[in-house]
1. Roughly what % of DSSP beta bridges within the chain run antiparallel, to the nearest 5?
2. Largest first and to the nearest Å, give the Cα extent of region 1-67 along each principal axis.
3. Quick check: residue separation of residue 53 and residue 12 times 0.36 nm, minus the Cα distance between them. What number comes out in nm?
4. Per residue, how much accessible surface does the chain expose to a 1.4 Å probe? Answer in Å², no decimals.
5. Whole-Hz Karplus ³J(HN,Hα) for region 71-84, in order, using 6.51 cos²θ - 1.76 cosθ + 1.60 and θ = phi - 60°, x for Gly and Pro?
6. Which ³J(HN,Hα) values, rounded to whole Hz and listed in residue order, are derived for region 2-12 from phi using the Karplus coefficients 6.51, -1.76 and 1.60 in 6.51 cos²θ - 1.76 cosθ + 1.60 with θ = phi - 60°, glycine and proline given as x?
7. Largest first, what is the accessible-area ranking of 1, 16 with a 1.4 Å probe?
8. When the accessible area of the chain is computed with all protein chains present and a 1.4 Å probe, what percentage of it is carbon and sulfur?
Amino acid sequence: MITLSSDFGTPYPAAMKGVILQRTDARLVDVAHDFPRQDVRTAAFWLREVLPYFPPATHLAVVDPGVGTDRNALVVRAGDHALV
(Lines give C-alpha, C1' and ligand atoms only; values in the text may rest on other atoms or scores of the structure.)
Protein backbone atom coordinates (compact mmCIF):
# COMPACT_ATOMS: atom_id res chain seq x y z
CA MET A 1 0.00 0.00 0.00
CA ILE A 2 1.15 3.50 -0.84
CA THR A 3 -0.63 6.55 0.57
CA LEU A 4 -0.39 9.86 -1.24
CA SER A 5 -0.48 13.35 0.25
CA SER A 6 0.44 16.66 -1.34
CA ASP A 7 -0.16 20.36 -1.73
CA PHE A 8 -0.73 19.82 -5.48
CA GLY A 9 -4.46 20.44 -5.75
CA THR A 10 -5.68 18.92 -9.04
CA PRO A 11 -4.98 17.37 -11.60
CA TYR A 12 -1.37 16.61 -10.62
CA PRO A 13 -2.16 13.78 -8.16
CA ALA A 14 -3.65 11.83 -11.08
CA ALA A 15 -0.38 12.16 -12.99
CA MET A 16 1.54 11.02 -9.90
CA LYS A 17 -0.74 7.97 -9.62
CA GLY A 18 -0.27 7.19 -13.31
CA VAL A 19 3.51 7.13 -12.93
CA ILE A 20 3.34 4.92 -9.82
CA LEU A 21 0.87 2.50 -11.45
CA GLN A 22 3.19 2.08 -14.44
CA ARG A 23 5.78 0.66 -12.04
CA THR A 24 3.80 -1.23 -9.39
CA ASP A 25 0.45 -2.83 -8.68
CA ALA A 26 0.39 -1.43 -5.12
CA ARG A 27 -2.91 -0.21 -3.74
CA LEU A 28 -2.94 3.60 -3.75
CA VAL A 29 -4.80 5.58 -1.09
CA ASP A 30 -5.23 9.36 -1.18
CA VAL A 31 -4.86 11.07 2.19
CA ALA A 32 -5.16 14.68 0.99
CA HIS A 33 -4.00 16.86 -1.87
CA ASP A 34 -5.17 20.19 -0.51
CA PHE A 35 -2.59 20.84 2.18
CA PRO A 36 -1.70 24.53 2.31
CA ARG A 37 1.03 25.27 -0.25
CA GLN A 38 4.52 24.64 1.07
CA ASP A 39 3.23 24.14 4.66
CA VAL A 40 5.29 21.19 5.90
CA ARG A 41 4.02 21.50 9.49
CA THR A 42 0.37 21.10 8.52
CA ALA A 43 1.18 18.08 6.37
CA ALA A 44 3.20 16.54 9.23
CA PHE A 45 0.32 17.14 11.65
CA TRP A 46 -2.22 15.36 9.45
CA LEU A 47 0.10 12.48 8.66
CA ARG A 48 0.66 12.01 12.39
CA GLU A 49 -3.10 11.92 12.90
CA VAL A 50 -3.91 9.34 10.19
CA LEU A 51 -0.83 7.10 10.26
CA PRO A 52 -2.00 4.94 13.21
CA TYR A 53 -5.10 3.86 11.26
CA PHE A 54 -3.15 2.33 8.36
CA PRO A 55 -1.63 -1.10 8.08
CA PRO A 56 2.10 -1.13 7.28
CA ALA A 57 2.57 1.12 4.25
CA THR A 58 4.73 3.59 2.41
CA HIS A 59 3.44 7.14 2.82
CA LEU A 60 4.47 9.50 0.04
CA ALA A 61 4.02 13.16 1.01
CA VAL A 62 4.97 15.96 -1.36
CA VAL A 63 4.80 19.39 0.28
CA ASP A 64 7.81 21.35 -0.83
CA PRO A 65 8.75 24.76 0.59
CA GLY A 66 11.70 24.88 -1.81
CA VAL A 67 9.89 24.36 -5.11
CA GLY A 68 12.29 24.73 -8.00
CA THR A 69 15.44 24.34 -5.92
CA ASP A 70 17.84 21.44 -5.46
CA ARG A 71 16.84 19.30 -2.51
CA ASN A 72 17.07 15.74 -1.25
CA ALA A 73 14.26 13.35 -0.45
CA LEU A 74 13.80 12.42 3.20
CA VAL A 75 12.79 8.92 4.31
CA VAL A 76 11.76 8.19 7.89
CA ARG A 77 10.88 4.79 9.36
CA ALA A 78 8.09 4.82 11.93
CA GLY A 79 7.47 1.29 13.10
CA ASP A 80 6.21 -0.67 10.10
CA HIS A 81 5.71 2.52 8.08
CA ALA A 82 8.03 4.40 5.74
CA LEU A 83 7.40 8.12 5.22
CA VAL A 84 8.88 9.65 2.06
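The values are calculated or read from the model by the stated rules, or taken from the named source; none is laboratory data. Predicted model only: the values in this text are computed from it and were never measured. Cβ placement follows ideal geometry from the backbone for every residue including glycine, while neighbour counts extend to all protein chains displayed. Just the protein is used for accessible areas: all its heavy atoms, side chains included, with ligands, DNA and RNA removed. Shrake-Rupley method; radii C 1.70, N 1.55, O 1.52, S 1.80 Å.
1. 20
2. That works out to 30, 27, 17 Å along the principal axes.
3. Here the segment from residue 53 to residue 12 would lengthen by 12.2 nm.
4. Working: 5740 Å² over 84 residues.
With the other protein chains kept in place, the chain gives 68 Å² per residue.
5. For region 71-84, the Karplus-derived couplings read 7, 9, 6, 10, 10, 10, 8, 9, x, 8, 10, 10, 10, 10 Hz, x marking Gly and Pro.
6. Rounded to whole hertz, the list is 10, 9, 10, 9, 6, 10, 6, x, 10, x, 4.
7. From most exposed to least exposed: 1, 16.
8. 57
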